[in-house]
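Read the figures in this text as sums done on the coordinates, not as results from a lab. What you see is a predicted model, and the numbers here were worked out from it, not measured in a lab. Using ideal geometry, Cβ is built from the backbone for each residue, glycine included, and neighbour counts are taken over all protein chains shown.
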Amino acid sequence: MYLVFKSLEEWFANNQLQSKFQDTYRTIYCAAHDFALHMNKKAQEKSGEIASISISEILLKQALIDAFDDLSRLINYHPTKKPNPIKEMSYIAYWLVRHKPIRLENEDIICNEKLSDIARMRFLFLNEEFCVKLLMNSAFEGKKERHASCSMIDAGERQLRYYKRYLLYYLVYRLDSPKSLEAMILGCTIHPAWEVDPVIWSNPEENEDFLNNGD
């Protein structure tokens, strides 16, 4: 095993995914920026302090390079020709957690007694919390209010809230591969009270993008 540093220019020279990479980078960076603003606002509301969250563009780009390298191998050597959104985001989230491009500059916020324990966890593990949001957004479009009773939707809300908390725990302490992360998110889409991206559960005979043969 050996480590090789790749600049973005070197990586693009040997990769056909430049446009896709740039679009994904802009999407993830904008999402991370909005997430940082949201967390700063929460910190001020709950504790009166500013969290001062920054984003390392170098580490974010490296995380995406590693994710795209993995996805390219799937496309080149496996039946998957166009991974579905959950698979793509599982690989991206895996490498974001590994490289941790989102940084907490004001660490005193972790010790602020005005915050609950779970709130402190979310500030301590910012990258994992960010990935929870990315992963859930990759699967769900919104509530199926037209097709589910109010009681089912209320129960679904509670279950989904607990599920997100468990997902944060898993990203922090148990994450071992993008494949296991993909399986967790895919299982969550079965709940009837939430509208799933139609690509996720398409008929494999009608949609070539559907992953029907595993990795």
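Applying a threshold of 31 Å to the alpha-carbon distances of LYS61/LYS164; LYS61/LYS114; LYS46/LYS87; LYS46/LYS164 flags LYS61/LYS114; LYS46/LYS87 as lying beyond it. Assign one of three labels to the stretch 81-136, namely rounded, prolate or oblate, based on the Cα gyration tensor with a ≥ b ≥ c the square roots of its eigenvalues; rounded applies when a/c is under 1.5, prolate when it is not and a/b is larger than b/c, and oblate otherwise. Because a/c hits 1.5 or more and a/b exceeds b/c, the stretch 81-136 counts as prolate.
For the peptides 35-43, 121-129, 103-111, residues were scored by their other Cβ atoms within 10 Å and the scores averaged per peptide; the highest-first order is 121-129, 35-43, 103-111.
Taking amide hydrogens as placed 1.01 Å from N in the peptide plane, the amide H of ASN84 sits under 5 Å from those of LEU211, each at least 5 positions away in sequence or on another chain.
Under a 5 Å amide H cut-off, with hydrogens placed 1.01 Å from N, ILE53 pairs with GLU105 among residues at least 5 apart or on other chains. Computed from backbone phi with θ = phi - 60° and the Karplus coefficients 6.51, -1.76 and 1.60, the 3J(HN,Hα) list for the stretch 34-47 is 5, 4, 4, 4, 4, 5, 5, 5, 4, 4, 5, 5, 8, 10 Hz; x is used for glycine and proline.
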